[in-house]
Amino acid sequence: MANKWLLVIPHLRVQNANAISSPLTHGFPSITAFLGLQWALERKLVEAGTDCLFFEKVGVVCHWHEEQVNDGYVKTFRLTRNPVEKDGSTAAIVEEGRIHLDISLVFQVGVDQEAADNPFTTDAAARQALAWKIRELLSTMRIAGGSVIHHRPQPGQSITPSLILMEADAEKRAGQFRLLRRRLLPGFALVGRDDLLVKRLAKLQAQDANATALDAWLDLARFNWRSHEEEQANGQPKIVWSHDRPQGSGWLVPIPVGYGALSELYAPGLVANARDRTTPFRFVESLYSVGQWVSPHRMRDISDLLWWADSQPERGLYRARSGYVPPEPEHDAPEAALAPYGSAATESTADNPSPIAPH
């Protein structure tokens, strides 16, 4: 049994992070980039001599962002002019879109029971020193391809990290989270709303049996305005425009949530030019779902904020899961259908209402 802790790293300023989160979306780094960050951070801590922590989940709160695009009606990325070759030709460098961020990271970490006697679990000063050590270690790493830069916090902002033991009792943990979320304001956290994608797919299939998960994803990614007539008090018709976004659904965005298999799992070293010759290889495609930006003060539990990795090699799914539970009555929605890049086929099984079957 491991103790659960929360590691809070507030107000990290990231410069030139990757704004292109997938082949179809942009505007904020993919949540998989932050899952990769927590694993890289765990390995860095082991190299630094701290091997009693292991990272399980991560939450991201964005306080400020500035995507590097022009100000016209049609947005284009502001790209740099890279040095030319000796013959004057342009170097073969494919530059990504960039975004500047001010984010807070919340990690759920575990401490091995064998390490319970470690001084930092009982000594507040040692615990605070470890939190600062992790923040300083993060400043040497890349976050979604961007560089962490030192900045002077604005009045009222605190950049002091903290390592907090999670309460086992649900009521005490809720009170603990109420205190924590004040530190995350003002800002918005990205959470998963797979349930809305399932509902929209069911609605479209009721109108057209051939509708797919990809159709539902594209439909939710935009405002579909339609006109209809309403009779006024004087009996004259009036044209009224309305959109089909779910009422109260908030700030919805299309997001990538992981990868789906396109091929079988190949033995290490079997595929030419693979980056890692010691790890099994598989061709994959992006999986998409719907996310929502939610202010932390509207969340009830720390699990609403956190994401974790869910790998199912036997089904060919490697994706991120969100612990967000929407308010009543939406929380009874079935498991999400995902819209994979280039595929929208779904199948049903007894133990999983609507998994994706990427091809």
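Once the 1.4 Å probe is applied to the protein heavy atoms, the chain comes out at 54 Å² accessible per residue.
Using a Förster distance of 41 Å, how high is the FRET efficiency between Glu47 and Ser249, based on the Cβ-Cβ distance and rounded to 0.05? That pair, Glu47 with Ser249, gives E of 0.40. Kirkwood radius for the stretch 151-208, taken over all pairs of different Cα atoms as the inverse mean of 1/r, rounds to 15.5 Å. Could you point to the residue in Val69, Gly97, Gly27 farthest towards the positive end of the stretch 19-122's charge dipole, with +1 and -1 charges on the Cβ of Lys/Arg and Asp/Glu respectively? It is Val69. Rounded to 0.05, the FRET efficiency of the Asn273 and Arg78 pair, given R0 = 30 Å and the Cβ-Cβ distance, is 0.40. Once the C-beta distance of Gln232 and His297 is scaled by a Förster radius of 56 Å, the resulting FRET efficiency is 0.85 to the nearest 0.05.
Solvent-accessible area assigned to carbon and sulfur over the stretch 1-141 amounts to 52 percent, based on a 1.4 Å probe. Computed about the Cα centre, the dipole magnitude for the chain is approximately 1100 debye when only Lys and Arg (+1) and Asp and Glu (-1) carry charge, each at its Cβ.
With q set to 0.11, 0.13, 0.19 Å⁻¹, the log10 of I(q)/I(0) for the stretch 30-131, from the Debye formula over equal scatterers at the Cα positions, is -0.60, -0.72, -1.04. Projecting the Cα atoms of Leu37, Pro327, Ile255 onto the dipole axis of the chain, where Lys and Arg carry +1 and Asp and Glu carry -1 at the beta carbon, places Leu37 farthest toward the positive end. Under Stokes-Einstein, with the Kirkwood radius over Cα pairs as Rh, the value for the stretch 53-206 at 4 °C and 1.567 mPa s is 65 µm²/s. Give the Kirkwood hydrodynamic radius (Å, one decimal) of the chain, defined as one over the mean of 1/r across all pairs of different Cα atoms. With all distinct Cα pairs of the chain included, I get 22.9 Å. Under conditions of 20 °C and 1.002 mPa s, the stretch 13-78 yields 150 µm² s⁻¹ as its translational diffusion coefficient, taking Rh as the Kirkwood radius over Cα pairs in the Stokes-Einstein equation.
Surface composition of the stretch 211-326: carbon plus sulfur atoms hold 53% of the accessible area, using a 1.4 angstrom probe and ignoring ligands, DNA and RNA. Hydrodynamic estimate: the Kirkwood radius of the stretch 209-321 over Cα pairs, inserted into Stokes-Einstein at 10 °C and 1.306 mPa s, corresponds to D of 86 µm²/s. For the chain, the mean residue ellipticity at 222 nm estimated from helices alone is -6000 deg cm²/dmol, where every DSSP H run of n ≥ 4 contributes -39500 (n - 2.57) and the total is divided by all residues, rounded to the nearest 500.
The values are calculated or read from the model by the stated rules, or taken from the named source; none is laboratory data. This one's a predicted model, so the numbers in the text were calculated from it and none came from an experiment. Cβ coordinates were reconstructed from backbone atoms using ideal geometry, including for glycine residues, and neighbour counts include every protein chain displayed. Only protein heavy atoms, including side chains, enter the accessible area calculation; ligands, DNA and RNA are left aside. Shrake-Rupley method; radii C 1.70, N 1.55, O 1.52, S 1.80 Å.
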